[in-house]
Amino acid sequence: MNTIAQGTISLRAAREWCTRAHGSQLYENLPYNYHLGKTEAVAVRFGFGRDTVIRISCWTHDVPEDTKKKLEDLLRAGFPGRVVEITWRVTDEPGANRSERKRKTYPKIAVDWKAVVVKLCDRIANVEHSINNAKRMRKNRREYPKFRAALFNENHDPRVLRMWAHLDQLILGKTT
């Protein structure tokens, strides 16, 4: 089934909508769409170039957390229901701190392989951007065991397993 048919927005229009939604928000000192574009590029690099749902979800993944837009706004704008579902899954649940938010969010990601893919794309884009930032890499290394334990599944699609191997190499310096 082509889930894109459930919505009316194109990939190009989705990129533009998400760029506007993030407005003047920065990713470090860069426009926020830099991060969103890098997240989509990770999806393409690991073999999801034909999966428009994943590619659009790479653009929407931070909208509910980082903008005034809600999931309903995505639906009204013509985003497919499947994209909105993935976006909801990767959006942090409320919590007293980052650790609690992640502990509450990972289970809803883990049950949906496409949500895992989008979260991996986001994490890879963040880690690759932070590779020369010792403080950020310490945080990545500290969080990675819980992230991996919550989301890794040895039965994942081979493309997803390659993403995990890449993250293992980036964060832990080990090859599989």
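Before moving on, here are some points about what is shown:
- Under the condition of being in contact (Cβ under 8 Å) with a residue 60 or more places away in the chain and of a type in the set (F, W, Y), the residues counted in the range 32-75 number 2.
- Among the residues of the range 121-151, just one is touching a residue at least 12 places away in the same chain (Cβ under 8 Å) and outside any helix (DSSP H, G or I), namely I131.
- The residue of the range 100-121 that is surrounded by the fewest Cβ atoms within 10 Å (Cβ to Cβ), among those that are charged (D, E, K, R) and under 12 Å from T87 (Cα atoms), is K108.
- Across the range 11-52, the qualifying residues are those that are closer than 18 Å to K69 by Cα and among the charged types (D, E, K, R), and the one among them that is surrounded by the most Cβ atoms within 10 Å (Cβ to Cβ) is R15.
- Considering the conditions (1) in contact (Cβ under 8 Å) with a residue 40 or more places away in the chain; (2) surrounded by 20 or more Cβ atoms within 10 Å (Cβ to Cβ), G78 is excluded by exactly one of them, (2).
Read the figures in this text as sums done on the coordinates, not as results from a lab. Nothing here was measured: the structure is a model prediction, and the numbers come from that model. Cβ sites come from the backbone with ideal geometry, for glycine too, and all protein chains shown count toward neighbours.
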